[in-house]
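Since the structure comes first, as structure tokens, the remarks are kept for the end.
The values are calculated or read from the model by the stated rules, or taken from the named source; none is laboratory data. Not measured: the values here are computed from a predicted model. Glycine gets a Cβ as well: all are built from the backbone with ideal geometry, and neighbour counts include every protein chain shown. Please note that ligands, DNA and RNA were not included when accessible areas were found on the heavy atoms of the full protein model with its side chains. Shrake-Rupley method; radii C 1.70, N 1.55, O 1.52, S 1.80 Å.
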Amino acid sequence: MEPDVDLNPDTDDLPLRANTNHILVRHYVLDLTVHFERKVISGSVVLFLEPCCGVSTKAEDGTGPGDGAGSTEAGASQDGSRSRDVDSIEDGAKGLEKSMTRMDKMFGAREREGDEFQAVSGVGSQTAAETKTIHSSHLWETNSDGDFTLVLDCCDLDVSKVEEVDITSVSAMSSLPSEVRSEKSGVSSANPQAAFFQKLISLPSSRWRQRHQLFLLCSRAPGAQGGSALHFQRDRWSLQVRKKGATSPQEFPRAVRICYETRPTGGSVRWTKDQDNRVCVYTAGSPINNRALFPCQEPPVAMSTWQATVRAPSECVVLMSGEEQAVPIEDRNTRFSVWNYYVTMPMPASTFTLAVGHWCQITAEIPPALERGVRDRTDCGMVDDGVSCSHGDYPCRFTEQLARSQRVIPHRVFGPVSLLQRMGVLKLLPRCLAAAHAVLGVHPFPRLDVLIIPAGFSSLGMASPHIIFLSQSVLHAGSPDSGENGLSLCGSRMCHEIAHSWFGLVIGARDWTEEWISEGFATYLEDIIWAQAQQLSLQETAEQSDLKALLRWRRLSDELQNSEEELQILRPNMENTGQVSESGSSTVKHALNPDKTFMQVHYLKGYFLLRFLASQVGEQQFIDFFRLFVKKYHGQLILSQSALLISLIVLFPQLTSEQLVMLLELLLEESELSVAAMLALQRTYNLQNHDAEVRHRWCELVVKHAHNQAYGDVEHFLVHDQAMGVYLYGELMVHEDPEQQALARRCLSLVQEDMDQSARTVVEEMVL
């Protein structure tokens, strides 16, 4: 990764160092032990890696001098075998971007009530000497010429050993089919490790249990023969790993085991005591996410699955992101219990969440009315015509018939004994889950745990896959007969966190600076879901919504007056939003700025933008939009351009030719549009059947974003609309894309005999 030339990570920006354009982690297997007496978690993590397509064979890790801590060469003592994982959900056209900028100047607020608070504790735990230079071993410096470097996001971890895992020693692997997708990863018979790995990840989602079992067996395999230890170095923000003689990602090991231990002051976890004064630990939801829990790839694009074994004192409960409720296994020799969790939906590593403590479970019974079904006002008129998934192959609940009718997913509530008398408000949970289903449809996750987090938690709530942290501040302290009046804060907050299952988790932001995509949507939806849970009339819903809007406007106005303007921008990277370096690394703007931590601007501006759109088309049509949005884009990452463009397409499915020309010209000013956005644009407006002005702009857009699924439209235009196509030839050639250049030459060969001589001369100069 590039050096931090103008970066002040103490106050401004958070570097994401992982070289995700070169190699990706497909699966993590964690083996963790919780040590309360030392306030550390030790163990190991095994990373299963797959090279990316089309990467250079040179060592282009891009790592710079940095500002980090010391390094250790491979083969160091592994008595500190370690592993750990933590995080929280923070959590198209230039014309649209300008509209966003205008919104930025209009809105803002100071009071912090929101969720996904990003704590910065532990970030500055390094000494001055550690932050000035990297202490490299002689072995690292002299034996690495030309070797490829795996770069992982990492800080506040003591790594003792990194080694290659010999997955070919796992006898069960021999029973897998021999077919492998060699064209994707350059697998050859000369690389048996790669061939075995390709067999493993090629298993279809219907065999996910077998795949997870094999991942587990492979993670326990010994180190590869002939020197399994790998050279490694850790600086402040990353762990860098090399194998002697491996000059490309394709030659790098497919399975790597990292032994390490967390630090008591690491910024990813919080060691504290609960409200009963008993020790506990939980993932802190800091801006550094899980990198102080285990070495990982933090960029959101690094989607992976994981499974974890957690050992903790027998009297403790271990809660974690996982698709089934774990049943502890007692180890009588150590007085520890072993808990196992897993996920099958690929997610960013930052969404992994862990909590260990002396909590008790509170039974939350489903009211009989919900068992029979709830009043479903928002579902009226919606026709479920099935789901066409656009994500990779994994067991998806959106395609399961039973999941569609599951209004209330299995759920549990945990908290300290001292708060049991205040837990009555959590009878709201099944009502809120049923209401969310009525509004948004299928629950993305099969179960949910809610944990009342220790008092020091700096947010009202935090949502992660399968688990929600909830502040004790939302629990009603009034008398038992105070009725619904004391439940509003708890109910609305739970609805907000539940909404994140759809917006923030199963649909995420591809660039972390665009928090509004999750927070703005969740803030808007919490009102709708909470009103549904209360079974309010249409008039009561409108009155409650208007009052909340007024309160939010006051907060936002206050924030505008009391914060720096640059922190009020929803898209701080502006035209660079979503862009990364050649290696795949990036920087999260203002992530480490403590002032940003206390701001609600991304909640409230996003909320008011969505509220405005709803006012233009009507609330019911806007709710229909949310459901359609989820059906089409679950399991994907999006940018603001895509979110706004898709909402525009759904809300305004009919535009005049002049409006389409304007829309397409504005979109041509965007540096990037997703394939999903292009397909939605083409499908909704049937662009290839409009007049030549519209089709010309559409072809320009197709060429600019290399949307090869519509190259036929470009060829048809160049052949049948020669009077307007000269410019397109230049666009096809200037990007130096072989497929586009071949298209230009093919079209010229089809029409050159009939072309006007002047036009032919100009085109031939560009093409030939």
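Of note:
- In segment 509-652, the portion of solvent-accessible area held by carbon and sulfur atoms comes to 52 percent [1.4 Å probe, whole percent, DNA, RNA and ligands not counted].
- Computed from backbone phi, the HN-Hα couplings of segment 659-675 come to 5, 5, 4, 5, 4, 5, 5, 5, 5, 5, 7, 7, 6, 8, 9, 6, 4 Hz, rounded to whole numbers (Karplus: 6.51 cos²θ - 1.76 cosθ + 1.60, θ = phi - 60°; Gly and Pro given as x).
- Rounded Å value of the spacing that divides the Cα centres of segment 658-709 and segment 625-644: 18 Å
- Note on exposure: Y727, Y603 ranked by accessible area (1.4 Å probe, complete protein assembly) read Y727, Y603, with the most exposed listed first.
- Distance violations [Cα-Cα > 30 Å] among K273/K605; K39/K161; K161/K589; K39/K605: K273/K605; K161/K589; K39/K605
- Among D511, D145, D276, the sequence by solvent-accessible area, most first, with a 1.4 Å probe is D145, D276, D511.
- Most to least accessible of C53, C280 (protein chains only, probe 1.4 Å): C53, C280
- Measuring nothing but protein heavy atoms, the accessible surface of segment 221-310 at 1.4 Å probe radius is 47 percent carbon and sulfur.
- Of all accessible heavy-atom area on segment 653-767, the percent that carbon and sulfur account for (1.4 Å): 49 percent
- In the full protein context, segment 653-767 carries 50 Å² of accessible surface per residue, based on a 1.4 Å probe and ignoring ligands, DNA and RNA.
- Rounded D (µm²/s) - segment 653-767, Kirkwood Rh over Cα pairs, Stokes-Einstein at 37 °C, 0.692 mPa s: 228 µm²/s
- Gain on full stretching of the segment that runs from E315 to E330 - 0.36 nm per residue minus C-alpha separation: 4.4 nm
- On the basis of the beta-carbon distance and an R0 of 22 Å, D691 and A742 show a calculated FRET efficiency of 0.20.
- Taking Cα centre as origin and charging only the Cβ of basic (Lys, Arg, +1) and acidic (Asp, Glu, -1) residues, the dipole magnitude of segment 653-767 rounds to 300 debye.
- Shown in residue order for segment 410-416 are the 3J(HN,Hα) couplings computed by the Karplus curve 6.51 cos²θ - 1.76 cosθ + 1.60 at θ = phi - 60°: x, 8, 9, 10, 10, x, x Hz (x for Gly and Pro).
- 3J(HN,Hα) from dihedral phi, segment 701-709, Karplus parametrisation 6.51/-1.76/1.60, rounded to Hz, x for glycine, proline: 5, 4, 5, 4, 9, 6, 7, 5, 5
- Nitroxide proxy distance, nm - points 7 Å out along Cα→Cβ at R683 and S175: 4.0 nm
- When each of K632/K704; K244/K704; K548/K596 is checked by Cα-Cα distance, pairs over 30 Å: K244/K704
- With protein chains left intact and a 1.4 Å probe, residues in segment 509-652 average 36 Å² of accessible area per residue.
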